[in-house]
Amino acid sequence: MRKLILILGAVAIASAQQTGVVAISHRGEHLKHPENTMPAYRAALAAGADYIETDVRTTSDGKFVIMHDGTVDRCTNGHGDVASMTFDEIRKLDAGAKFGAEFAGTQVPTFDEVLAFAKGQINVYIDAKRISAQDVVDAVRRHGMEDHVVLYGGVELQRGVHKLEPRIKMMPEAVNAEVARRIVDDLHPPVLAFDARDFRDEVIGVAKEAKAGIYVDRLGPADNADSWEDAVRRGATGIQSDHPAELVLFLRSKGLHK
């Protein structure tokens, strides 16, 4: 049995070597830079990541800013709900001072700024926290990034975006085998998203049967070389990490990254 497992693992690695595994930088390189800011995204690019993950929300006056939480409290010197604040109010906030004096004055970026920065340099993993399908499509089209983004969000949002712009790569959460099968039958997504809860063999099998990409979060305790190798062996075609530089070096050492 152990010999069989080793053989299957070697086959999986060989398959990944043919196609590569993409490195996704979670909220940019946010361990040494304030998360979801332009300094963090520039550092992720320098680290060799293939994607920057960015959390998009809509302000009270219909503008699009990057903020993981529903409030600005944790990451800025301000207080309040993003959805209740105007764009100008949010742009006046300091998104870097809490992280360190060298980042003082860093603004909360806009979705357009992130897309403009990424064009021609890096792909964008859009985590749609609060934004409509039409607004996603309009922003991506403004920057000619239709073939260089992947969209994470609810099924209804994915369905709406796909109807408006089929070139945008959908990536719904797998959840479990039953839900994954329904999603595959309904949306035929090119990629399924996985986290620690749904990265199980029976769910991975659904993605493989559908010939969908497998992008998995390896965050927290699972964000290390052993877990990355396990993910690749089990079929991951993309890994999201808080350690993009280390992940890229790992993938290169395995012949899985350019």
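No value in this document is a laboratory result; all are computed from the given coordinates. Given the structure is predicted, the values throughout are model-derived calculations rather than measurements. Cβ sites come from the backbone with ideal geometry, for glycine too, and all protein chains shown count toward neighbours.
A compact table of results
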{"read-out": "Cα-based convex hull, region 66-124, per residue volume (Å³, whole number)", "value": "92 Å³"}
{"read-out": "For Glu229, net neighbour charge (Lys/Arg +1, Asp/Glu -1) across residues whose Cβ lies under 11 Å away", "value": "+2"}
{"read-out": "Helix 38-47 vs. the chain, principal-axis angle (Cα, 0 to 90°, nearest 10)", "value": "30 degrees"}
{"read-out": "Neighbourhood net charge (13 Å Cβ-Cβ; Lys/Arg +1, Asp/Glu -1) for Arg142", "value": "-4"}
{"read-out": "Order of His162, His26 under a 10 Å beta carbon neighbour criterion, fewest first", "value": "His162, His26"}
{"read-out": "Sequence-separation-based contact order of region 141-228, relative, with Cα cut under 8 Å and 6+ spacing, percent", "value": "22 percent"}
{"read-out": "Alpha-carbon Rg with Dmax, taken over the chain, Å", "value": "18.4, 62"}
{"read-out": "Alpha-carbon centroid distance for the pair region 102-131 / region 153-230, whole angstrom", "value": "23 Å"}
{"read-out": "Among 73-81, 59-67, the order from most to least packed when residues are scored by Cβ within 10 Å on average", "value": "59-67, 73-81"}
{"read-out": "Relative contact order for the chain, counting Cα pairs under 8 Å that sit 6 or more residues apart, in percent", "value": "21 percent"}
{"read-out": "Long-range HN-HN contacts of Val149 with modeled amide H, under 5 Å", "value": "Val124, Lys169"}
{"read-out": "Angle in degrees between helix 155-164 and the longest Cα principal axis of the chain, rounded to the nearest 10", "value": "80 degrees"}
{"read-out": "Between 0 and 90°, nearest 10: helix 133-142 axis offset from the chain longest Cα axis", "value": "90 degrees"}
{"read-out": "Filter on Lys119/Lys169; Lys119/Lys163; Lys63/Lys258; Lys119/Lys211; Lys129/Lys254 - keep pairs with C-alpha separation over 25 Å", "value": "Lys63/Lys258; Lys119/Lys211; Lys129/Lys254"}
{"read-out": "Antiparallel bridges, percent of DSSP beta bridges restricted to the chain (to nearest 5)", "value": "15 percent"}
